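The structure appears below as structure tokens.
The values are calculated or read from the model by the stated rules, or taken from the named source; none is laboratory data. As the structure is a prediction and not an experimental result, all values here were calculated from the model. For neighbour counting, all protein chains shown are included, and Cβ atoms are generated from backbone atoms with ideal geometry for every residue, glycine included.
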Amino acid sequence: MLLARASLSVPYAVGLLTFLAALLLGQLPAAPPAAPPVKTRTLSDAELESAIQHRFEQSKIGANGFKVRVRNGVAILEGRTDVPQHKGTATRLARLAGARRVDNRIQVSRQARQQASSRVRSEPRRVQVRRSEPR
């Protein structure tokens with residue numbers, strides 16, 4: 001009758017009744033033990049500075065010679081570049097190396113900023129769609 005009124009399936013009702021009986025009798029299964037917290041090694045400022053500098057040297061932005069300083073896990077990036085994208089790349093590389101925060105003081109040259117803004121205004125962006133099958 002309970003099944004007809006509540007429109008419960010038989011397996012669901014049996015499971016529910018089994019759970020309620022176990023709850024009343026105090027025989028609930030124990031929860032599985034929690035996983036131990038993952039400990040990540042924090043780098044000292046000198047180690048972090050070296051790690052960021054190494055990432056810069058391994059990438060194309062190494063030619064810019066950006067200066068890196070780290071204070072309390074915060075990376076301070078300084079220098080000049082003629083490629084606007086290098087500023088963002090430097091921030092990403094510093095974060096990947098383990099910096100808590102990045103203060104990016106890298107300056108993009110005036111000529112590079114003007115070229116980028118003129119391209120945005122004059123050339124409409126074209127999207128190329130690659131199809132997996134020819135039409």
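Does ASN104 satisfy being touching a residue at least 24 places away in the same chain (Cβ under 8 Å) and out of contact with any strand residue (DSSP E or B) (no Cβ under 9 Å at 6 or more places or on another chain)? When the stated conditions are applied, ASN104 does not pass them. Of everything in segment 107-126 that is among the charged types (D, E, K, R) and under 30 Å from ILE76 (Cβ atoms), the residue that is modelled with the lowest pLDDT is ARG113.
If you go through segment 56-106 and keep only what is farther than 21 Å from LEU43 by Cα, hydrophobic (A, V, I, L, M, F, W, C) and modelled with pLDDT of 95 or more, you end up with just ILE106.
Within segment 1-46, restricting attention to residues that are in contact with a Leu (Cβ under 9 Å, 6 or more places away or on another chain) and at pLDDT below 70, the residue that is surrounded by the most Cβ atoms within 10 Å (Cβ to Cβ) is LEU8. Of the residues making up segment 65-117, those that are part of a strand (DSSP E or B), surrounded by 14 or more Cβ atoms within 10 Å (Cβ to Cβ) and among the polar types (S, T, N, Q) number 2.
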